[in-house]
Structure formats: C-alpha cells, structure tokens
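Asker: My questions will all concern the structure given below.
The values are calculated or read from the model by the stated rules, or taken from the named source; none is laboratory data. Everything quoted here is computed from the prediction, not taken from an experiment. Backbone-built Cβ (ideal geometry, glycine too); neighbour counts: all protein chains shown.
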Amino acid sequence: MKILITGGTGSVGKILVPMLLDKNYDLTLTTRNEKKAITKNSKWADKVKFIETDYRIRGDWLKQVELNDIIINMVGANVFSRRWTMKRKSVLMDSRVEPTQLLIDTIKKVENKPSLFIQISGSEYPNSNEKEFFETDRLSDKFLGELMREWEKPIINLKNKDVREIVFRMGPVLGYDWKNIERMFIPHKLFIGGKVGNGRQIYPWVHVKDFANIILWGIENEKVKGIINGVAPDKKSMIELAKIGGHILKRKTWTWAPGFGLRLVLGERADTILNGRAVNSNKLLDYGYKFLYPNAGLALIDILKK
C-alpha cells in the first residue's frame, strides 16, 4: 500500500517513517529541501521516495495524490522556532492552509482518490482547568486555535464517501528534541527547576512514539474516523510534571518562573505553557487505542533519560 506524507521529515517523521517501513508500506515524502531531509534522516532515506516541492504551487507533488492509497498531512512551518510576529503568523498559517487546500481540491478532481486522508492538528482548546474539552468543543479563539481551525477546514469540507477522513488533534509532544521539553526541564539541570506560571495549568501531552503510533493505528483500523483528540489520559498540571521531571533528574523543584518573565522572552508563544486545558481522550480509548506511554512518569523517564 502506498502512502504520501507531507511534512514527514521532522521529529515525528523520524519515529513514524520507520514504523511504516516495518509494516512494508511504500512511502513518498514531500519536502522543501530534499538534500537536507536526506541528511537529517540518513538511517532510512534510501528506503523512501522524496519529492522536493514548493507547496504554494500546483507542482509534481500533487500528481502523487492519485498515485497513493493514503495521505498523511503534517505540512507546515515550525510553530515554536520563532517569535510570533504578524509576518511569522502569516507564514505559519499559509504554510498549512494553502497546501492542504490544494491537496483537497486535487482529491475532488482526480478519478483515483486515496481511500484515507489523515490530517494532523492540535488540541488547542480554550484556557480552562475546570472544563473538560471534547472533540465537539470549539477550538480557542487565540492564534493557535485559529491556526488549527483553518488547517482542519479543508478536510472537514471534503465530505466524500469514498475517502475515510481522520483529524487527529494531538497534544503538545513529549519528544527527544522538542523545544517544549527544553523549556520545561533545562532549569532543573541548572538546579533552578520549578513551576511555570501558577503551576496549576493542565498540560495535555502525548509521547512522540504514541503520536506516530496513533497515526499507524488509524491507518490499520478502518472503523476509525472523524475528529479525535490525541492526548494521553493521564492529566497533569505543570507543577506535577515539573516534580516528576525533577525526581527523574534528581533535582529539586523549588523555584518559580513567573508568567510575565516568560512572556518577555517568548512573547505570545508563552501561552502554550502558561495556559492549561483538560483535554478528554475517551474517544481514542473507546476506539481501542492502547497507549505505549499512558502516564507522564513513564513518558518522562523515557525522554529525560536519553
């Protein structure tokens, strides 16, 4: 079976692509820079086909739509790498929405349509520790919520009975080279670890291996469809995560990083760790997904011990 992955050469792709190759899927990956993608992923680069493309135009990459059975859409500029100026926000929006719309427009036109379209999104619900958020709830009206809503819109509007559609709203990733982990636990390594903001905000999370495995599971279980929250069931506040991480690193959790200080350093991006949201994962569990890392302790041991 053939799979087209857009945006599959980053940190999630490092985990996902080997999983799919082990299952003997035939993979084509689109990338803005083929040479860089091959260098970053040298362990498996010779086992997949790369297509270098400018996602803003109707190029050869769109010809792949009718040549593949499954499309996994993760395309988009890195959300956390730079301060969110108005120009950067436009880049983040356009790098997701425009190529996704081109993909959906192409699916509507071609005769040989893919049987499955998986859209990766984010669990960017409003800031609230009291309310539990389900898939039917509206995403936040802040920038990230708007970004995810616009990214999802093309696939939600596809509505083709021949194409199974899944939108995975993933939580913030606990991964081996992710900036959120760096921001959370470098202070511990410097012996100044502590709570972030008031510390009570719920931080929805998913281990990077579960992120990839959820996608594989969605491919192989034909009953799975619709919008699904991709977060671990173990809800933890930021102070709880900080204490777990401190225990693993054998460091005390005793200081406080005030919200205003983080906003000075990170700008609007600080909202991603200062704002909490309790995201419900029952739909994923009811479909039968078994987490590789169901609790934060196991996840952080794996990440922080690397």
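Asker: Can you pull out every residue in segment 255-269 that is crowded, with 20+ Cβ neighbours inside 10 Å and not in a strand (DSSP E or B)?
Answerer: Within segment 255-269, 269 is the sole residue that qualifies.
Asker: Give the residues of segment 91-134 that are of a type in the set (D, E, K, R), over 17 Å from residue 157 (Cβ atoms) and crowded, with 18+ Cβ neighbours inside 10 Å, sorted by residue number.
Answerer: Residue satisfying the conditions is 124 alone.
Asker: Condition (residue is surrounded by fewer than 15 Cβ atoms within 10 Å (Cβ to Cβ), modelled with pLDDT of 90 or more and closer than 30 Å to residue 157 by Cβ) applied to segment 30-48: is it met by at least one residue?
Answerer: Checking segment 30-48: not a single residue is surrounded by fewer than 15 Cβ atoms within 10 Å (Cβ to Cβ), modelled with pLDDT of 90 or more and closer than 30 Å to residue 157 by Cβ.
Asker: Which residues, counting only those in segment 285-303, are over 21 Å from residue 219 (Cβ atoms), out of contact with any Gly (no Cβ under 6 Å at 6 or more places or on another chain) and assigned to a helix (DSSP H, G or I)?
Answerer: 296, 297, 298, 299, 301, 302, 303
Asker: Name the single residue that is surrounded by the fewest Cβ atoms within 10 Å (Cβ to Cβ) among those in segment 74-90 being basic (Lys, Arg) and not in a loop (DSSP other than H, G, I, E, B).
Answerer: Selected residue: 87.
Asker: How do the pairs read when you match residues in segment 285-300 that are touching a residue at least 60 places away in the same chain (Cβ under 8 Å) and over 9 Å from residue 210 (Cβ atoms) with residues anywhere that are in a helix (DSSP H, G or I) and among the hydrophobic types (A, V, I, L, M, F, W, C), using Cβ under 7 Å and keeping only pairs 6 or more apart or on different chains?
Answerer: Hits for this filter: 296/241; 296/244; 300/244; 300/248.
Asker: Anything in segment 1-34 that is hydroxyl-bearing (Ser, Thr, Tyr) and under 21 Å from residue 59 (Cβ atoms)? List them, or say none.
Answerer: Passing the criteria: 6, 9, 28, 30, 31.
Asker: Find all pairs meeting these conditions: Cβ atoms under 6 angstrom apart; at least six residues apart or on different chains; first residue within segment 250-267 and closer than 15 Å to residue 194 by Cα; second residue among the aliphatic types (A, V, I, L, M) and not in a loop (DSSP other than H, G, I, E, B).
Answerer: Short answer, once both residue conditions are applied: 253/242; 257/196; 259/274; 262/270.
Asker: Let me ask something additional. How about segment 128-246: which helices (runs of 4 or more DSSP H) wholly inside it have at least 2 residues that are at pLDDT 95 or above and not small (Gly, Ala, Ser)?
Answerer: Those helices (runs of 4 or more DSSP H) span 143-156, 208-220.
Asker: Can you tell me which residue among 295, 275, 282 is of a type in the set (S, T, N, Q) and surrounded by 18 or more Cβ atoms within 10 Å (Cβ to Cβ)?
Answerer: Residue meeting the stated conditions: 275.
Asker: Enumerate the strands (runs of 3 or more DSSP E) found wholly within segment 17-73, keeping only those where 2 or more residues are touching a residue at least 60 places away in the same chain (Cβ under 8 Å).
Answerer: In segment 17-73, the matching strands (runs of 3 or more DSSP E) lie at 70-73.
Asker: Which condition number does residue 271 fail, the rest of (1) in contact with a helix residue (DSSP H, G or I) (Cβ under 6 Å, 6 or more places away or on another chain); (2) within 26 Å of residue 81 (Cα to Cα); (3) of a type outside the set (Lys, Arg) being met?
Answerer: Every condition holds for residue 271 apart from (1).
Asker: Limited to segment 1-24, what total is found for residues that are surrounded by fewer than 19 Cβ atoms within 10 Å (Cβ to Cβ) and among the hydroxyl-bearing types (Ser, Thr, Tyr)?
Answerer: Residues that pass the stated criteria total 1.
Asker: Restricting attention to segment 275-284, does a residue exist that is more than 20 Å from residue 169 (Cβ to Cβ) and assigned to a helix (DSSP H, G or I)?
Answerer: No: zero hits.
Asker: Could you tell me whether residue 63 is within 20 Å of residue 116 (Cα to Cα), basic (Lys, Arg), touching a helix residue (DSSP H, G or I) at 6+ places or on another chain (Cβ under 9 Å) and modelled with pLDDT under 95?
Answerer: yes
Asker: Regarding segment 42-65, can at least one residue be identified that is acidic (Asp, Glu) and touching a strand residue (DSSP E or B) at 6+ places or on another chain (Cβ under 9 Å)?
Answerer: yes
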